[in-house]
Amino acid sequence: MPADLVLTNGSVFTADPLRGPATTVVVRDGRILAVGTDEVRDRARPGAETVDLAGRLLLPGFQDAHVHAVMGGVELGQCDLTGTPDLDGYLRRVREYADAHPDLEWISGGGWAMEVFPGGVPGRELLDRVVPDRPVYLINRDHHGAWVNSRALELAGLDASSPDPADGRIDRRPDGSPAGGLQEGAMQLVARLLPEVTRAERLAGLLRAQALLHSLGVTAWQDAMLCATNGYPDVSDAYLEAATTGQLTATVVGALWWDRDRGAEQIPELVAKRDKHTVGRLRSDSVKLMLDGVAENFTAAMTRPYRDSCGCATTNAGLSFIDPAALRGYVTELDALGFQPHFHALGDRAVREALDAVEAARRANGFRDTRPHLAHLQVVDPAEVARFRPLGATANMQPFWASHEPQMDELTIPFLEPALAGRQYPFGDLLRAGVHLAAGSDWPVTTPDPLQGIHVAVNRSHHGSGYAAFLPGQELDRGTALTAYTAGSAFVNRLDDTGSVRPGFRADLVVLDRDPFRAPAAEIGEASVAMTFVDGEVVYAA
């Protein structure tokens, strides 16, 4: 029989409210055998491997409840503009990438920040300076807009006479000609011309992403876009290959994409996709319903209109990508079939529409264990906060966004009605209302590092940013934030033998390089992952 694993001489965050302080965990055959103080070491068999925690923190593996892992992994291999929020840096990286890849037909990639450009709108002539002869298509960091050069617009046939699509917008100059930015559905006007990412590239992207996520302590996640349509890439083949060949070491829940151009006729197809994409460590019984866009490009669905640059109300209150009345019927049918509704709901009107749909399903079907969750929740009306718990809906937070930064201070707050601007990311209100909290990153939109998200959830500011706390009073304590990233997301992912350090549970565990509870809250972001275990096996060691 294989030797056991003993992790001892540290602090154990169990995410189990019924268990007291612990310093030692014994693992056998991939599962937790015992949790306690030093005496539980006697439960281990002779020859057990021992890991000296040396005062560091051991906790359940982090789980990301909303991430785009394959997309992020693929983009890491393309023209990567993340981490350099200045125009000169962007142009330098684009030129260097183009020079290093002279045979590429298109220059593609992304990660640029809207605040670098006046009004959040990038100019095509900037890209023309560095790549004049080939088309360039670069997605912004929130993946709701793209920056293109003149050659790309020319190939797509876009000019001043081109109409905006129903679900998007072409940014324009005063004469009506395309400026170089494409928002939401307008991205597809150019994206449809891109060379297809190959199956091998998607698999390589998944494995690249898996290695990164394991290095950040993530042992399981929910990918928010499997079998995508509406112009988004379908990454499901990468998961299928990795799951069937044993290359998938994480546990993954796939959220099957709801085609917003179709109706209930697609539901039988989703049932077939659920069966096909449930194998090995992959289970696909969630359905992603994207209800609206994002606030920065004025497509998030709000209850009150956006303001213009002068502070005056406009007629635009954002977009509802799925008809709210039809949505209630769709979610009721999905719930009856055992699917988990996973909503993209960013504006307060989208949050209301999602909760209305959950309420309709509960009335029709009773309380089935489908664990619906609403992701993003940038603006939430207090009346909607009170509805989550009675409906059994989970708040799926992306905490890293709840901070002052140029995108918030320059491109969001000035354009929201003040009452809406003051209701952003109300984590504290949700907690006080007894709402179940889960957490995720939405990577590659922002960093996949759970510790950075936890830092913002607790401090309401990015580590080292120098900004004041964003809407203080909505912060979470350390234990609550850690629980959201562990037991909270495990609940959403329906991985009920993970997310806590307790006997019988899977030994998906993380060792940090320090104990964040023993330092000021302002130093949480300095912590890093030392070791990550999946089923008791090391998948990452610093």
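Report the charge-dipole magnitude of the chain in Debye, nearest 20, computed about the Cα centre from +1 at each Lys and Arg Cβ and -1 at each Asp and Glu Cβ.
For the chain, the charge dipole is close to 1120 debye.
In what sequence, highest mean first, do 341-351, 406-416, 176-186 appear when ranked by Cβ atoms within 10 angstrom? Don't skip to the end; give the middle numbers.
Working: 341-351: 28.1, 406-416: 18.9, 176-186: 23.1.
With the highest mean Cβ count within 10 Å placed first, the list reads 341-351, 176-186, 406-416.
Among Leu509, Gly473, Tyr540, pick out the residue whose Cα is farthest towards the positive end of the charge dipole of the stretch 434-542, where Lys and Arg carry +1 and Asp and Glu carry -1 on C-beta, about the Cα centre.
Gly473
Give me the number: length gained by fully extending Ala522 to Ala383, i.e. 0.36 nm times residue separation minus the C-alpha to C-alpha distance, one decimal in nm. Please report the intermediate quantities before stating the final value.
Values: separation 139, 0.36 × 139 = 50.04 nm, distance 3.20 nm.
Extra length available between Ala522 and Ala383 comes to 46.8 nm.
If r is the Cβ-Cβ distance from His101 to Val538 and R0 is 30 Å, what FRET efficiency results, to the nearest 0.05?
On the way: r = 36 Å, r/R0 = 1.18.
My answer for the efficiency is 0.25.
Give the span of the stretch 265-319's Cα atoms along each principal axis, as three whole-Å numbers ordered largest to smallest.
55, 26, 14
Using only C-alpha positions, report the orientation-averaged shadow area of the convex hull of the stretch 220-284, nm², one decimal.
Details: hull surface 16.2 nm².
Average projection, Cα convex hull of the stretch 220-284: 4.0 nm².
What percent does the relative contact order of the chain come to when contacts are Cα pairs within less than 8 Å and at least six residues apart?
17
Taking the alpha-carbon set of the chain, what are its Rg and Dmax in Å?
Values for the chain (Cα only, Rg and Dmax): 23.2, 79 Å.
How long, wide and thick is the stretch 197-341, going by the Cα atoms along their three principal axes, in whole angstroms, largest first?
Principal extents (Cα only, largest first): 56, 36, 28 Å.
Full-extension gain between Asp496 and Thr37, please, as 0.36 nm times their residue separation minus the C-alpha to C-alpha distance. Write down the numbers at each step before the final one.
Values: separation 459, 0.36 × 459 = 165.24 nm, distance 2.47 nm.
Between Asp496 and Thr37, full extension yields an extra 162.8 nm.
Can you give me the Rg/Rh ratio for the stretch 1-154, using Cα atoms for both radii and the Kirkwood formula for Rh?
On the way: Rg = 25.4 Å, Rh = 19.6 Å.
Using Cα coordinates only, the ratio equals 1.30.
When you have a sec, figure out the Kirkwood radius of the stretch 417-495 from all distinct Cα pair distances and drop it here in Å to one decimal?
On the way: mean 1/r = 0.0750 Å⁻¹.
It works out to 13.3 Å.
How many times 2.2 N^0.38 Å is the alpha carbon radius of gyration of the stretch 262-492? Walk me through the numbers before you get to the answer.
Working: Rg = 17.6 Å, N = 231, 2.2 N^0.38 = 17.4 Å.
Compactness ratio reported: 1.01.
Placing unit charges on C-beta atoms (Lys and Arg positive, Asp and Glu negative, everything else neutral), compute the dipole magnitude of the stretch 192-300 about its Cα centre in debye, rounded to 20.
Working: 12 positive and 14 negative charges, 55 e Å.
For this selection, approximately 260 debye.
Mind pulling up the Rg/Rh value for the stretch 106-191? Radius of gyration and Kirkwood radius, both on Cα. Show your work: numbers first, answer last.
On the way: Rg = 11.4 Å, Rh = 12.5 Å.
That ratio is 0.92, to two decimals.
What whole-number distance in Å separates the alpha-carbon centres of the stretch 53-116 and the stretch 176-255?
13
Using helices alone, I'd like the mean residue ellipticity at 222 nm for the chain: each DSSP H run of four-plus residues gives -39500 (n - 2.57), total over residue count, nearest 500. All intermediate terms of the calculation are to be shown ahead of the outcome.
Values: 17 runs with 154 residues, N = 542.
Helix-only estimate at 222 nm: -8000 deg cm²/dmol.
Could you give the dipole magnitude of the stretch 106-191 about its Cα centre, charging the beta-carbon of Lys and Arg +1 and that of Asp and Glu -1, in debye to the nearest 20? Walk me through the numbers before you get to the answer.
Details: 8 positive and 12 negative charges, 37 e Å.
It comes to approximately 180 debye.
For Asp164 paired with Ala272, estimate the spin-label separation in nm (one decimal), with each label point 7 Å from Cα along the Cα-to-Cβ line.
In this crude label model, Asp164 to Ala272 measures out at 3.7 nm.
Between the stretch 454-491 and the stretch 130-165, what's the alpha-carbon centroid distance in Å?
First find each Cα centre; the distance between them is then 37 Å.
Each reported figure results from applying straightforward, stated rules to the coordinates on display, with no laboratory input. Because the structure is a prediction, the values reported are computed rather than measured. Every residue, glycine as well, gets a Cβ built from its backbone with ideal geometry; the counts of neighbours run over all protein chains shown.
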